[in-house]
Amino acid sequence: MQLINSSKNGKPVGRALAAATCALLGVQATDSLAKGQPGEWDVETALLVYSETDDRVQAAEPVISATRNFDGERKLNLKLVADTLTGASPSGATPSALPQTYTSPSGNGSYEVAPGEAPLDDTFKDTRVAVSANWEAPINRDYAYSVGAYGSREYDYISTAVNGTLSRYLNNKNTTLTGGLSLGVDLVDPVGGAPVGLSRMPINSNKSQADFDQEFAATRESDDTKTVVDALFGVTQVINRQTLMQFTYGVSYSSGYLTDPYKILSVIDDAGGANYGGNLVGSDGNSVYLYEQRPDTRLKHSLYWQTKYMLGNGDIMDGSYRFMIDDWGITSHTLDLKYRWQMAKSYLEPHFRYYLQSEADFYKRYITASEYNAGAPTLTEASADYRLGEMTGLTFGAKWGYRFNDDRELAIRAEYLIQTNDGDQGFGSLASQDLYPDTNAMWLQLSYSF
């Protein structure tokens, strides 16, 4: 799980598609509760609390999902999610041996970072409300379908999506072929307006308010949109009474505004002298920072394999592997392992996840003064967002659950994440700074279904 790695402009708009498809494929059939009686509602509630160390991002997310069961294996699912994010978020700038001052995204204030400290924007906060609806039903004994819609609203972001899946059953329903498609359209309206990519961040120092306002306005564009098309093709096979296996291929194409409007890059002085490796200082006496710029399209391919195996004593082994590659130059590998110990009415499920990612072609921890080229950057795209860099993540956790009866279950899950980044270590005075601080986080989830 990488809750915070879902950036404002990387919203998982195919989440409804993925959830509907997984449910349709029956990947949880080996450990689901005895629900689904016609005329009844099955309700699942959960509360997730997430916290990063060093007073970074904090999140709280309550969720309620209700499924109405109808005759003929028809189901309607309604889901409501509300989450809040607070804390300090990495801006992308590098730490420095000197104090640093940055303009807030709105342009109505500023924040300062002490020498040697990681530049974090402590004005970061957000609230999101999301709703989704999904209908699934059989067409006949050999085919089934599902259709759904998703929408979410934030202060600066609106996301909408529709999705549909079609499944074909073979071999007495021991084999399921599934295809799914999702279309999402997002409206991006950043606080203060969307910055012009690779333009210089104005800083209100040694300037009149009128001059600053004019300079700030020159770096802004109007709101923008993003379109995402996701397709998924999968096969689920019942190997025997104990084993279930699933293979899926996914492709995702995004176009439009894919830049994070709140991320910046430091410009580092690469000329010889006392400031070698320090922040470049402009003619106005302020350090030079640029707003990031990403490509306006992205194509991703993913392969996913999962196997569940039930032992003779009722324990369940669950393992999966996911490979992803995109045209930004990123490849990633995700290995996920779970083992569920059955203990009468309760169970304990340890969890381990390993994540490995390469960096994007345009990822740069900083820009040199030579690349800045006195205000005419030689680069067309650049981002210092650590989520696009070389990354390794280890997640350890466990879930404990108790079943009161066939319909009611209480569960609690605790996870701890250790995430490390690596890359160019800098030069001059910059080489003494910690350019890639670890990200440690933990989260706790309490859920109840009835």
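Bear in mind that the values in this text are calculations on the coordinates, not laboratory data. Fair warning: this is a prediction, and the values are worked out from it, not measured in the lab. Every residue, glycine among them, receives a Cβ derived from its backbone with ideal geometry; neighbour counts consider all protein chains shown.
Using Cβ counts within 10 Å as a stand-in for footprinting exposure, how do Phe404, Phe212 rank, fewest first?
Phe404, Phe212
Please sort 97-106, 192-201 by packing, taking for each peptide the average over its residues of neighbouring beta carbons within 10 angstrom, highest first.
Ranked from most to least packed, the peptides come out as 192-201, 97-106.
Mind ordering 147-155, 261-269 by average Cβ neighbours within 10 Å, highest first?
Listed from highest to lowest mean packing, they are 261-269, 147-155.
Which of Gly193, Leu181, Asn240 sits closest to the plus end of the dipole of the chain, meaning its Cα is farthest towards the positive end, when Lys and Arg get +1 and Asp and Glu get -1 on the C-beta?
Asn240
Could you give the size of the charge dipole of the chain about its Cα centre, using +1 on the Cβ of each K and R and -1 on the Cβ of each D and E, expressed in debye and rounded to the nearest 20?
Here the chain has a charge dipole of around 1980 debye.
Order these by the 10 Å Cβ neighbour count, fewest first: Leu80, Leu48.
Final ranking by Cβ density, sparse to dense: Leu80, Leu48.
Give the cross-link partners of Lys364 among the lysines, using a straight C-alpha distance below 19 Å as the criterion and excluding same-chain residues fewer than 8 apart.
Lys263
What is the ratio of the Cα radius of gyration of the chain to 2.2 N^0.38 Å, with N the residue count, to two decimals?
Output field value: 1.08.
Any aspartates and glutamates with Cα under 16 Å of the Lys300 Cα? List them, leaving off those in the same chain fewer than 8 positions away.
Straight-line reach from Lys300, under 16 Å: Asp230, Asp326, Asp327, Glu359, Asp361.
What's the angle, to the nearest 10 degrees (0 to 90), between helix 15-25's Cα axis and the longest principal axis of the chain?
Between helix and principal axis, roughly 20 degrees.
Place a +1 charge on the Cβ of each Lys and Arg in region 274-354 and a -1 charge on the Cβ of each Asp and Glu, then give the dipole magnitude about the Cα centre in debye, rounded to the nearest 20.
440
Using a cut-off of 25 Å between alpha-carbon atoms, which lysines can reach Lys399, once sequence neighbours fewer than 8 places away in the same chain are excluded?
Leaving aside lysines fewer than 8 places away in the same chain, those within reach of Lys399 are Lys35, Lys79, Lys308, Lys338, Lys345.
Sort Leu290, Leu280, Leu78 by Cβ crowding within 10 Å, fewest neighbours at the top.
Leu78, Leu280, Leu290
Just to confirm a number: summing +1 for Lys and Arg and -1 for Asp and Glu over residues other than Ser429 whose beta-carbon lies under 12 angstrom from that of Ser429, what do you get?
-2
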